[in-house]
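Here is the structure we will look at.
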Amino acid sequence: MKTVKFKNGREDVSIGKIVCVGRNYAAHAKELGHTIEEFPVIFLKTASNVIYSGSPIIHPDYSNNLHHEVELVLFIGETIKNADTINAQRAIYGYAVGLDMTLRDLQNDFIKKGNPWTLSKSFDTSAVLSEIVIKDQYMLRGDETISLSVNGVTRQSTSIKNMIFSPVEIVKYISSKMTLEMGDLIFTGTPEGVGQVVRGDNIEASLENIGSISTNVI
């Protein structure tokens, strides 16, 4: 059973489901040739996909185009369904920075055929997490810088204020479609600058005042 790890030593909590948002930055949607949606695009990863900073990302041998996507991650701390703004805000107990690793060649093929993205998004080591910072330790302002570099070269860097759907809007929307429970994680989407990584690459990612990730591809 995979668990989330908290900064400053709180007891670990088992991970429930991992709900991910696609196309939540306009510039990223544009770079991949997608339109901006009226509602968040939702897909899932599994708890078994999770690794932490310092552990390697294993490049699947059935893909030739593994991409990095750095994201703000929300930790849900209570059960909610059909949340209003107040309840959605309260249910977000903490934050992390995460990597949504994506097999872009598989994803593009699935999209072309009208099939689900699952196998391009949900594979071992495809969800990399930092420790969770709870809101009692730091309350997100909403304009923090999120960034990622590969082999020391910056590829992604922007403010999370550029998200189309805010964390509260995302929680409200998801909870209108499915119950959210303690231990669930929400990946909130990636900014522009995604790109390929290969075996031997070193990845560094950070979210201002929240945390950082250091990993490599093997």
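The values are calculated or read from the model by the stated rules, or taken from the named source; none is laboratory data. Just so you know, these numbers come straight off a predicted model, no measurement behind them. Note that each Cβ is placed from the backbone with ideal geometry, even for glycine, and that neighbours are counted across all protein chains shown.
Structure notes:
- Scanning region 68-88 for residues that are of a type in the set (D, E, K, R) and more than 11 Å from the chain's Cα centre (by Cα) yields Glu78, Lys81, Asp84.
- In region 50-75, the residues that are over 12 Å from Gly98 (Cβ atoms) and at pLDDT 95 or above form Cβ pairs under 6 Å with partners that are hydroxyl-bearing (Ser, Thr, Tyr) and in a strand (DSSP E or B), at six or more places apart or across chains, as follows: Ile57/Thr215; His67/Thr102.
- Per-region count, region 99-130, residues surrounded by fewer than 22 Cβ atoms within 10 Å (Cβ to Cβ), in a loop (DSSP other than H, G, I, E, B), of a type outside the set (D, E, K, R) and under 16 Å from the mean Cα position of the chain (by Cα): 3
- Members of region 76-85 found to be touching a Phe, Trp or Tyr at 6+ places or on another chain (Cβ under 9 Å) and either modelled with pLDDT under 95 or farther than 20 Å from Val128 by Cα (or both), listed by number: Glu78
- Checking Val133 against (1) more than 28 Å from Glu181 (Cα to Cα); (2) out of contact with any helix residue (DSSP H, G or I) (no Cβ under 7 Å at 6 or more places or on another chain); (3) in a strand (DSSP E or B), the condition it does not meet: (1)
- Looking only at region 131-142, residues that are crowded, with 16+ Cβ neighbours inside 10 Å and either hydrophobic (A, V, I, L, M, F, W, C) or closer than 16 Å to Val197 by Cα (or both) come to 4 in all.
- Residues satisfying the stated conditions in region 196-212, i.e. assigned to a strand (DSSP E or B) and closer than 16 Å to Val128 by Cβ: Val197, Asn202, Ile203, Glu204, Ala205, Ser206, Leu207, Gly211, Ser212
- Single match in Ala96, Ala88, Ala29 (criterion: outside any loop (DSSP other than H, G, I, E, B), buried (at least 18 other Cβ atoms within 10 Å of the Cβ), modelled with pLDDT under 95 and of a type in the set (A, V, I, L, M, F, W, C)): Ala29
- All positions within region 100-116 that are over 16 Å from Thr190 (Cα atoms) and hydrophobic (A, V, I, L, M, F, W, C): Leu106, Phe110, Ile111
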